[in-house]
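Reading through the structure tokens given below for one structure.
The values are calculated or read from the model by the stated rules, or taken from the named source; none is laboratory data. Not measured: the values here are computed from a predicted model. Reconstructed Cβ throughout: ideal geometry from the backbone, glycine too, with neighbour counts over all protein chains shown. These area figures cover heavy atoms from the full protein model, side chains too; ligands, DNA and RNA do not enter into them. Shrake-Rupley method; radii C 1.70, N 1.55, O 1.52, S 1.80 Å.
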Amino acid sequence: MKPLGPIPAGFCARDGVLAIDGVKVTDIIAQSGGQTPLFVYSSALLRQRVAALREAFPAQLGLHYAMKANPFGPLLRLMAGLVDGFDIASGGELGMALRAGLDPSLISFAGPGKRDMELQAAIMQGVTLNLESEGEAARALAIGERLGKAPRLAIRVNPDFDLKGSGMKMGGGAKPFGVDAERVPALARQVVEAGAEWRGFHIYAGSQALDAEAVVDTQAQTIALAARLADEAGVGLPHCNLGGGLGIPYFPGDKPLDLARVGEALAQQLAHLPDVLQETHFCMELGRYLVGEAGVYLTRIVDRKLSHGEVFLVTDGGMHHQLAASGNFGTVVRRNYPVAIASHFEAEATEEASVVGCLCTPLDKLADKGYFPRADVGDVVAVFCAGAYGASASPSAFLGQGAAQEVLL
Ligand SMILES: *Cc1c(COP(=O)(O)O)cnc(C)c1O
């Protein structure tokens, strides 16, 4: 038997069936055309999460949504009324953002390998470019000149530290992301002198941290680095994007981040800024922390079989929608996500079973040797923490399976 990840707060049962925003998942499926697999996103949980962040963070801190975590149109439209800005990472995401009606002046665009067409579209729309290199800066300035439009430019700094304990390190040492800190002052001067609309720095040191002290430490280092680089450059800093890094519990033993601690420390830091940052507007950009726990992936059992004494619950879903839950998206050791038999949500666990997907590869596992209530063909399985990097970060074309449906409650 292997433990399952912790089910996030905010879910309950009705008539023994998992309910999301008070509606039984079997009813949600029926109302969505009866098809599984289905991603369900709870607007109540999304609102609660934003409210918790607003409560914990100092009022002057901007809250941005990194939309690569979940670019579902209805979710973007909901977030537009809740957050202060959006971060995109491709021209494709820019298109999705514009179709969802987001204000381009509130969008920033990070990511290596931006093509000229993407730079051009962003500059025309007034999107802020977080420059990843000197080469990209030169291309953006040339495109701006050709268009007769001053580009809005910030520099993404490759910090000389990383976020301790983070699931994915995005800074420290040689990286494809950002400009090495020691070369930033010269580039900042060049961008300002070229007549661009200077936006400041973007410093993103890592992702998926559950340790508040590590986040606090990184934010202190980030602010100190921003001050040092702005001083050296001799330019002001209108904006400073502190990155993100707030993690959510996915795996057995993971504990939720102490958000109050992060917020208190940040309030202290912003109340005692060095002179060069007195006029700077700070923001954070969050993906999974905003949307991850608000999403549930529902899939139906199509076969129950025994092999060498082990029970396999074979579902109509799998890693083509839930690459991360299958353990194949940036994890070294496979551990179980929070998974439950949604149609017997309150029943006592009585057997060990593995929940697998319908792809013919041994990688396609949603829960390995979990302890579950007895489940049969037709029962619904819920994979939690499915709101981020699920639908959009899984290989839905693999084996001709196609995308899952998505619904925002
Ligand atoms: C992916 C990404 C984020 C969001 O990361 P999460 O771990 O989902 O919070 C934020 N900023 C940048 C630059 C990113 O690439």
- Note on the structure: Distance in Å, no decimals, from the C-alpha centre of the range 50-110 to the one of the range 369-385 is 33
- Item | Crossing angle, helix 212-233 versus the chain [Cα axis fit, 0-90 degrees, rounded to tens] | 20
- Message: Can you tell me, using C-alpha contacts under 8 Å and at least 6 residues apart, the relative contact order of the range 1-147 as a whole percent?
- Response: 13
- Note on the structure: With +1 at each Lys and Arg Cβ and -1 at each Asp and Glu Cβ, the charge dipole magnitude of the chain around its Cα centre, to the nearest 20 debye, comes out at 560
- Task: Please give the helix 116-125 orientation as an angle from the longest Cα principal axis of the chain, in degrees from 0 to 90, rounded to the nearest 10.
- Result: 80
- Message: Can you compute log10 of I(q)/I(0) for the range 23-71 with the Debye formula, treating each Cα as one identical point scatterer, at q = 0.15 Å⁻¹?
- Response: -0.60
- Bounding extents of the range 71-286 in its principal axis frame from Cα atoms, largest first in Å, are 54, 43, 31
- Query: Looking at the chain, how many pairs of lysines come closer than 15 Å at the Cα, when each pair is eight or more places apart or spans two chains?
  - Reply: 4
- Log10 I(q)/I(0) at q = 0.23 Å⁻¹ for the range 243-350, from Debye over equal alpha-carbon scatterers, is -1.47
- Expected field for residue 389, accessible surface area in Å² at 1.4 Å probe radius, rounded to 10, holds 30
- Item | Residue among 219, 117, 128 farthest towards the positive dipole end of the chain, charges placed on Cβ | 117
- Note on the structure: Of every hundred units of 1.4 Å-probe accessible area on the range 71-286, the number belonging to carbon and sulfur atoms, as a percent, is 54
- Distant alpha-carbon pairs in the range 274-409 (separation over 27 angstrom), percent: 25
- Sorting 63, 141 by accessible area (1.4 Å probe), largest first, what list results? 141, 63
- Message: Please compute, for the alpha-carbon atoms of the chain, the extent along each of the three principal axes and give them in descending order in Å.
- Response: 70, 42, 36
- Query: In nm², what is the average projected area of the convex hull enclosing the Cα atoms of the range 273-320?
  - Reply: 7.1
- May I ask you to give the solvent-accessible area per residue for the chain, in square angstrom, as obtained with a 1.4 angstrom probe? 40
